[in-house]
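See below for the structure under consideration.
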Amino acid sequence: MDWSEAVTRVLFEHRDEKDVHTFEGWKAVGGFSALEKALKMKPEEVVEEVKAAGLRGRGGAGFPTGVKWGFIPKNTDKPIYLCVNADESEPGTCKDRVLMEDLPFMCLEGAIIAAYAIKASMAFWYIRGEFDLPERRMRAAIETLREKGLIGKNILGSGWDLDFVIHRGAGAYICGEETGLISSLEGDKGQPKIKPPFPAIKGAFGCPTIVNNVESLAAVPWIMRNGASAYAKLGTEKSNGTKLFSVSGQVNRPGVYEVEMGYPLRDLLENECGGMKRGRALKAVIPGGSSMPVLPAEVALQTNLDYESVQAAGSMLGSGGMIVIDDSQSMPELLKILGRFYSHESCGQCTPCREGTPWGSRVLDRVADGAARPDDLETLERIARFLSGTTICLLADSLAMPIRSFFQHFREEFEALVPTEAGEKSGG
Amino acid sequence: MTSQDGKMSESTKTGVATPALKLSADAEARIDDLQSRYPTKKATLLPVLWEIQNSEGWISTEWMEYAARRCDVTPSHVLSVVTFYTMFHQQPVGKYHVQVCRNICCHMVGAPDLIEAVESRLGLKHGEVSEDGKFSLEHVECLAACSWGPVMQINRTMHENLTPEAAVKVLDGLE
């Protein structure tokens, strides 16, 4: 495929236009025409349109958004809720922040269309507690739409009512997991719940609930305006549309970039990001947020950015939080940081995670700090094994995947820190 | 319920309700409004705790009891929630609460030097408050500003792309 042509922009189509973060600015670029169009359709038709577009969840899991909406039971007599997941917390990920700061009304328009499609009467914007400007922008946007009658009773004469509130988190990574988010919304500790039942059947307050990531919903206005087939034409056969990548680490121009699915990782690094800083060599890339397996440079540079290609390369596209690592970095040191993070964020309800992540973190600390014991790498492999698939949510796996992949590709760096026989290097 | 220093609060000791604490009229009205819209009172616990912390700077045992009454939950439930979320403070923090990111992306672009410079300028380590109450310091996990690291957040204001020198300048500029 020839990528020399300008990439079609969906989410950032209007990002650079004047005052597009205001109601008038968003209206001036065709804002709310998608909502008007959607409200003239049946909710089921909106669901079908998003299904046909092939939009997949951008929070990390990549599950088709329209299919998820379709799981809401027909003819339920309970209220239906929409929860917008704006609890962006996966290290490496800062794309939803940009969407909320620069395009709050686009995000909100997408959310209102989603709420209509699933017949929700109430929507919650669950935003992480540390966000300042994003929260102020979203709060102001919701108040403006309330004044304009686009949130409230009988929206645009459709006979449909929707209330919308901001729910501010308070510093807990696990609330980005959809059932953890629901627990937090209900006034509890943000502990995930066993699935099934899935939230679409029994979610917030025991009622059918859809939890969608900000970026997923932000694509909905474009899809409604331009049609499902226009969106489906973008990207690859199975990964439709565009995706935001928030690039961090040792590149010349870190930032948040929108590219079509299937765009070569090498081009993103060289073109958008301006290559490696200070001419250093690329060592590794974590393509989709810190919990995803790391790829060594030679594999990463051959990979295209779509769900299937990244999976074939041995990792996952995840949230699109791309962490670029140069050859000055110590992999044991980076893994130590991840160990500390995931043990800090364990919610504590499942034993393997509550006990295993701090244990793993302690072992990673002593390996990186030059106090390794002879069998520490085997211990870490054992910990990674029992962190996998043994818990309610994926947080435990989120440490297991980095441990395995760091060992797989950079084992020699770890071995260099471990004494071959007991006593030989027992510095601590 | 028991406060952090192990003393029983007045209401627990006597079985009599604490003299009713109240937030400002505006804050009370905001809570009433939310409680008319949320499906349960319990669900407004996080918003109520935010109102308390915004007003008082931290959340004392007495205010946890207020939150329990306001949201129809037990004080022990409130305590479990307050201790679960890292942003709720159970003791006063500084007028300027300085949070430096220590996670992977900021680490790779200079967070260790930044943290060292901030600690040395403030004379504080992680979790400490200065004697005059002006500053408190906390090492925090990812703040979702990874493309603009290393970052430091003071109260709610984010400072990005910091060198150690720039960070010290920011601190020195605070009244």
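The values are calculated or read from the model by the stated rules, or taken from the named source; none is laboratory data. As the structure is a prediction and not an experimental result, all values here were calculated from the model. As a convention, Cβ positions derive from the backbone with ideal geometry for all residues, glycine included, and neighbour counts pool all protein chains shown. Note: areas computed on protein heavy atoms with side chains; ligands, DNA, RNA excluded. Shrake-Rupley method; radii C 1.70, N 1.55, O 1.52, S 1.80 Å.
Things to note:
- Column: log10 I(q)/I(0), Debye, Cα scatterers of region A:274-428, q = 0.08, 0.10, 0.13 Å⁻¹: -0.23, -0.36, -0.61
- At most 11 other Cβ within 10 Å, DSSP loop - trypsin sites (Lys or Arg not before Pro), region B:116-175: B:LYS125
- Here the calculated FRET efficiency for B:LYS22 and A:ARG146, from their Cβ-Cβ distance with R0 = 41 Å, stands at 0.90, rounded to the nearest 0.05.
- Farthest toward the positive end of the dipole of the protein assembly as shown, out of B:LEU45, B:LEU122, B:MET158, is the Cα of B:LEU45, where the dipole comes from beta carbon charges about the Cα centre.
- Among A:GLY157, A:GLY262, A:GLY318, the largest mean-square fluctuation in a Gaussian network model of chain A, built with springs joining Cα atoms closer than 10 Å, belongs to A:GLY157.
- Net charge of neighbours whose Cβ lies under 15 Å from the Cβ of B:VAL48, counting Lys and Arg as +1 and Asp and Glu as -1: -3
- Probe 1.4 Å - accessible area at B:ASP72, Å² to nearest ten: 120
- The lysines within cross-link reach of A:LYS148, meaning a Cα-to-Cα straight distance under 19 Å and a gap of 8 or more places when in the same chain, are A:LYS27, A:LYS37, A:LYS40.
- Pairing chain A with chain B buries about 4000 Å² of accessible area. This figure sums both sides and uses a 1.4 Å probe.
- The apolar share of the surface of the protein assembly as shown, taken as the fraction of accessible area on carbon and sulfur atoms (1.4 Å probe, ligands and nucleic acids excluded), comes to 50 percent.
- Under the combined filter of DSSP loop state and at most 12 neighbouring Cβ atoms within 10 Å, region A:344-428 retains these GluC sites (Glu not before Pro): A:GLU421, A:GLU424.
- Beta-bridge orientation, region A:243-326: approximately 75 percent antiparallel, per DSSP, counting only bridges with both partners inside.
- Per residue, the convex hull around the alpha carbon atoms of chain B comes to 141 Å³.
- Our summary of shape: the Cα atoms of region A:23-232 have principal axis extents of 40, 38, 34 Å, ordered from largest down, in whole angstrom.
- Over region A:1-139, the hull volume per residue, using the convex hull of the C-alpha atoms, is 148 Å³.
- Remark: relative contact order (chain B) = 17 percent; criterion is Cα-Cα distance under 8 angstrom and separation of 6 or more residues.
- Over the Cα atoms of region B:95-138, the radius of gyration divided by the Kirkwood radius equals 1.01; this is the Rg/Rh ratio.
- Using the rule -39500 (n - 2.57) for each DSSP H run of four or more residues, divided by the residues of chain B, the 222 nm mean residue ellipticity is -12500 deg cm²/dmol.
- Remark on chain B: B:CYS71, B:CYS142 stand apart, with no other cysteine beta carbon under 4.7 Å.
- Looking at region A:331-415, the pairs of alpha carbons with a distance over 15 Å make up 49% of the total.
- With the convex hull of the Cα atoms taken as the outline of region A:208-279, the averaged projected area works out to 6.3 nm².
- Per residue Cα convex hull volume in Å³ - calculated over chain A: 136
- A 1.4 Å probe run over the protein chains yields, for the protein assembly as shown, 39 Å² of accessible area per residue, whole-number rounding.
- Estimated inter-spin distance, A:LEU301 and B:SER80, nm [label 7 Å along Cα→Cβ]: 5.3
- Of A:VAL165, A:LEU145, A:ALA53, farthest towards positive along the dipole that unit charges on Lys, Arg, Asp, Glu beta carbons give region A:23-232: A:ALA53
- Interface burial in region A:227-269, defined as at least 20 Å² less accessible area with all protein chains than with the chain alone at a 1.4 Å probe, covers A:SER248, A:GLY249, A:GLN250, A:PRO254.
- Within straight-line reach of A:LYS195, meaning a Cα separation under 21 Å, sit the following lysines at least 8 residues removed in sequence or on another chain: A:LYS68, A:LYS74, A:LYS78.
- Hull-based mean projected area of region A:243-326, where the convex hull spans the alpha carbons, in square nanometres: 4.2
- Stretch gain in nm, segment A:GLU355-A:ASN75, where the contour uses 0.36 nm per residue and the Cα spacing is subtracted: 96.4 nm
- Rounded to the nearest whole Hz, the Karplus-based 3J(HN,Hα) values (6.51 cos²θ - 1.76 cosθ + 1.60, θ = phi - 60°) of region B:159-173 follow the sequence 10, 10, 6, 8, 8, x, 5, 5, 5, 5, 4, 4, 5, 5, x, with x at glycine and proline.
- Centroid-to-centroid separation of region A:92-138 and region B:126-175 [C-alpha atoms, Å]: 26
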